[in-house]
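Visitor: Please read through the structure below; I'll follow up with questions.
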Amino acid sequence: AAKAGGRDQYRVHSVEFEEAAHQGLKVREMVRAALGENRMTLYYQPIVRIDGPVVGAEALLRLRHDDYGLLAPGAFAGVLDSGPLARALGRHVLETAAAHAERWIMAEVRTPEGLPLRISVNVSAAYLLDPGFLGDVRATLARHPRLMPAALEIEITESAPLRDLADVHQILHACLALGLRVALDDFGTGSASLTYLQKLPAQTLKIDQSFVRDMAHDPKDYAIVSAVAHVGHLLGLDVVAEGVETDRHLEFLRGLGCVCVQGYAIARPMSADDLPGWCRMYEKRRTAAR
Ligand code: C2E
Ligand code: MG
Ligand code: MG
Ligand code: MG
């Protein structure tokens, strides 16, 4: 097609590019407006110990749109990862999650062991590497003194370029020094997973859902999930399997000694208002079933 297309092909690409750039601009405007009008909200998806209690929840960003309803990050991913809104959004997410977490501590929403829920927040590489990031974290912790830093976990993916690894390393160590936890998210999907695992300080390893999805049918996926869970355990990390949708998934993960699970089989992401009630309900059902 490229050969036959010649100059036309170029023109088509160029139009497509302009359209894409225009879309990007529109998306940025949409997000900017939503941020200004307080329509960027967080949903929470519980993380539970397999066959055990809830341990925490992951904060997932949602945009409340007048016409389209609640939009997930797929609709505005580019804006999260780069450009002028990355920090504004990142800061908003940190602050909002910390405020919710502190509210739950004061309302005595706890794990059955009496610990505060661990709230996990996704941090883009762009925000993590922003010179303002650590100051934002400190300011957020200072604004929410009842929130123990250990109850806040930042999730990072392998999207940071390798040449920035030394910077990422330093920033994560500063986070640990503040008492925060670090999770390696979507583990195995980046280009240098094992290097990240080797170099970066973390307490949690999240197995990406793309490996979990077909693990019951695809021996390759099963082998990968098994190996990742194993290396996580050997390194003394908390291992969380993401995208756990079915009882079959749970069965297989149980067999691998996976400690924690997150996915539709447990709960869909829900509003901050719904999380405390869900936790109570889950614990009641769980202890009744024993
Ligand atoms: P992630 O951090 O890996 O989050 C898990 C995603 O998987 C969420 O999608 C969640 O809704 C979805 N999910 C959970 N359980 C299941 C399941 O059983 N099956 C399937 N098919 N999907 C499941 P969501 O909310 O659309 O977020 C997508 C990604 O956007 C996140 O992936 C994360 O990388 C990013 N993201 C979300 N919130 C934020 C944020 O506040 N800041 C930044 N920088 N990125 C965010
Ligand atoms: Mg995540
Ligand atoms: Mg993930
Ligand atoms: Mg993922």
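Visitor: With the checklist (1) in contact with a Lys or Arg (Cβ under 7 Å, 6 or more places away or on another chain); (2) open to solvent by less than 10 Å² (accessible area, probe 1.4 Å) in hand, flag the one item ALA150 doesn't pass.
Guide: (2)
Visitor: Among the candidates VAL27, VAL15, single out the residue that is at pLDDT 75 or above and more than 30 Å from CYS260 (Cα to Cα).
Guide: One residue alone meets the criteria, VAL27.
Visitor: Residues in region 89-96: is at least one open to solvent by 60 Å² or more (accessible area, probe 1.4 Å), free of Cβ contacts under 8 Å to residues at least 40 places away in the same chain and away from ligand 2 (no atom under 16 Å from the Cβ)?
Guide: Checked against the condition, which is being open to solvent by 60 Å² or more (accessible area, probe 1.4 Å), free of Cβ contacts under 8 Å to residues at least 40 places away in the same chain and away from ligand 2 (no atom under 16 Å from the Cβ), region 89-96 yields no hits at all.
Visitor: I've got another one for you. Do we have any residue at all in region 182-195 that's under 20 Å from LEU234 (Cβ atoms), hydroxyl-bearing (Ser, Thr, Tyr) and surrounded by fewer than 21 Cβ atoms within 10 Å (Cβ to Cβ)?
Guide: yes
Visitor: Does region 51-90 hold any residues that are within 12 Å of ligand 1 (Cβ to nearest atom), of a type outside the set (A, V, I, L, M, F, W, C) and farther than 23 Å from GLY243 by Cα, and which are they?
Guide: SER82, ARG87, GLY90, listed by residue number.
Visitor: Let me ask another. Which ones in region 241-273 are in contact (Cβ under 8 Å) with a residue 40 or more places away in the chain and within 30 Å of ARG39 (Cβ to Cβ)?
Guide: GLU242, GLN262, GLY263, ILE266, ALA267, ARG268, PRO269, MET270, SER271, ALA272
Residues are listed down the side, and each one gets a yes or a no for (1) within 16 Å of ligand 2 (Cβ to nearest atom); (2) open to solvent by less than 70 Å² (accessible area, probe 1.4 Å); (3) of a type in the set (A, V, I, L, M):
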residue	(1), (2), (3)
ALA227	no, yes, yes
GLU245	no, no, no
PHE252	no, yes, no
GLY257	no, yes, no
ARG268	yes, no, no
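Visitor: Collect the residues in region 75-85 that are within 21 Å of SER271 (Cα to Cα) and either open to solvent by less than 10 Å² (accessible area, probe 1.4 Å) or of a type in the set (Val, Ile, Thr) (or both), keeping them in residue-number order.
Guide: Selection gives PHE76 alone.
Visitor: Return the only residue of SER124, SER120 being modelled with pLDDT under 95, crowded, with 22+ Cβ neighbours inside 10 Å and in contact with an Asp or Glu (Cβ under 7 Å, 6 or more places away or on another chain).
Guide: Result of the check over SER124, SER120: SER124.
Visitor: Restricting attention to region 191-213, and to residues there that are in a loop (DSSP other than H, G, I, E, B) and more than 15 Å from the chain's Cα centre (by Cα), which single residue is nearest to ligand 1 (Cβ to nearest atom)?
Guide: Filtering region 191-213 for residues that are in a loop (DSSP other than H, G, I, E, B) and more than 15 Å from the chain's Cα centre (by Cα), the one nearest to ligand 1 (Cβ to nearest atom) comes out as ARG213.
Visitor: Here's something else I'd like to know. Tally up the residues in region 40-66 that are under 16 Å from ASP273 (Cβ atoms) and of a type in the set (D, E, K, R), please.
Guide: Count: 2.
Visitor: For residues that are small (Gly, Ala, Ser) and out of contact with any strand residue (DSSP E or B) (no Cβ under 7 Å at 6 or more places or on another chain), scanning just region 25-74, find the one that is least open to solvent (accessible area, probe 1.4 Å).
Guide: Residue satisfying both the conditions and the ranking: GLY52.
The values are calculated or read from the model by the stated rules, or taken from the named source; none is laboratory data. Every value quoted in this text rests on a predicted model; they were computed, and no experiment measured them. Note that we place each Cβ from the backbone using ideal geometry, even for glycine, and neighbour counts take in every protein chain shown. Surface accessibility is based on the protein's heavy atoms, side chains included, excluding ligands, DNA and RNA. Shrake-Rupley method; radii C 1.70, N 1.55, O 1.52, S 1.80 Å.
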